[in-house]
Amino acid sequence: MPINKKNRPFVIGLTGAIGMGKTETARLFAAEGVPVFDADAVVHELYAGEAAAMIEAAFPGSTRRGKVDRAALSRAVAADAGALARLEGLMHPLVAERQAQFLEQAQAPILLLDIPLLLETGTKVDAVVVASAPQEVQQARVLARPGMTPEKFQVLTARQMSDAQKRAQAHYVVVTDKGLDHAREQVKMILADIRAKLINA
């Protein structure tokens, strides 16, 4: 694992396919005192503010009262093969700017970037943590969400690396289907390992 220099924070990148427990895993890191950058939350903020006009211009009818209507945007993206790439082209620079601000301003020896497409976008971090669960658990979790269908689930998973691909690139894996206490212990072990490496670097 590449160990960073002591004059800057150690940056963990957390990822995981939809329904793998990434959000809860990020909360466990936060509970251990690690500042977390939540890319999904930033996208929600941008949709409600500065990105709305830009997205309306690119996808007419996708906003309502100055905010992105996520359902309308989803329909627009689904109807156009190249739309997702255009949307990502608009949003990624804005999210990257917020991420850079977080990394510059956060005051802690270890920081965490919670980014669903961490590996797909090639974001540079010191260690990759993947939240993972068996496929049947993943599917059950996702299909329990309001408005989710098997067809939507297939579309979403097709856009992401598979769990096996993500695990193959991970420095650490947090298994999330054995209860919160089990996941919490894994997070504590990961942080203990990183801290030991930093001390010995």
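A17 satisfies every condition listed in (1) in contact with a strand residue (DSSP E or B) (Cβ under 9 Å, 6 or more places away or on another chain); (2) open to solvent by 50 Å² or more (accessible area, probe 1.4 Å) except (2).
Based on this model, can you work out whether A85 counts as under 18 Å from V43 (Cβ atoms), of a type in the set (G, A, S) and within 18 Å of the chain's Cα centre (by Cα)? In short, yes. Being open to solvent by less than 40 Å² (accessible area, probe 1.4 Å), at pLDDT 95 or above and within 18 Å of the chain's Cα centre (by Cα) holds for only one residue in V142, V128, and it is V128. When the test is whether a residue is touching a Phe, Trp or Tyr at 6+ places or on another chain (Cβ under 8 Å) and either surrounded by 12 or more Cβ atoms within 10 Å (Cβ to Cβ) or under 30 Å from R75 (Cα atoms) (or both), V175 does not pass it. All told, A51 falls short of being among the small types (G, A, S), farther than 23 Å from L119 by Cα and free of Cβ contacts under 8 Å to residues at least 24 places away in the same chain. Note on region 29-42: residues that are crowded, with 19+ Cβ neighbours inside 10 Å and either part of a helix (DSSP H, G or I) or over 20 Å from the mean Cα position of the chain (by Cα) (or both) amount to 3.
Within region 178-201, the set of residues being open to solvent by 70 Å² or more (accessible area, probe 1.4 Å), aliphatic (A, V, I, L, M) and closer than 20 Å to V36 by Cα comprises L180, M189.
Is one or more of the residues making up region 47-62 in contact with a strand residue (DSSP E or B) (Cβ under 9 Å, 6 or more places away or on another chain), modelled with pLDDT of 95 or more, of a type outside the set (D, E, K, R) and under 30 Å from D177 (Cβ atoms)? No. Consider A72 carefully, then state whether it is among the small types (G, A, S), open to solvent by less than 70 Å² (accessible area, probe 1.4 Å), in contact with a strand residue (DSSP E or B) (Cβ under 8 Å, 6 or more places away or on another chain) and under 26 Å from Q139 (Cα atoms). Answer is yes for this residue.
Table: residues versus (1) open to solvent by 40 Å² or more (accessible area, probe 1.4 Å); (2) among the aliphatic types (A, V, I, L, M); (3) over 19 Å from D126 (Cβ atoms).
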position	(1), (2), (3)
T23	yes, no, yes
A57	yes, yes, yes
G61	yes, no, yes
V77	no, yes, yes
L84	yes, yes, yes
L87	no, yes, yes
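Within region 127-141, is there a residue that is closer than 30 Å to G33 by Cβ and charged (D, E, K, R)? Yes, region 127-141 contains a residue that is closer than 30 Å to G33 by Cβ and charged (D, E, K, R).
Tell me yes or no: at least one residue of region 63-71 is at negative phi, touching a residue at least 24 places away in the same chain (Cβ under 8 Å) and touching a Phe, Trp or Tyr at 6+ places or on another chain (Cβ under 9 Å). Scanning region 63-71 turns up no residue that is at negative phi, touching a residue at least 24 places away in the same chain (Cβ under 8 Å) and touching a Phe, Trp or Tyr at 6+ places or on another chain (Cβ under 9 Å).
The values are calculated or read from the model by the stated rules, or taken from the named source; none is laboratory data. Small disclaimer: the values here were computed from a predicted structure and weren't measured. Positions of Cβ are generated from backbone atoms using ideal geometry, with glycine treated the same way; all protein chains shown enter the neighbour counts. Note: accessible area is taken over every heavy atom of the protein model, side chains too, but ligands, DNA and RNA are not part of it. Shrake-Rupley method; radii C 1.70, N 1.55, O 1.52, S 1.80 Å.
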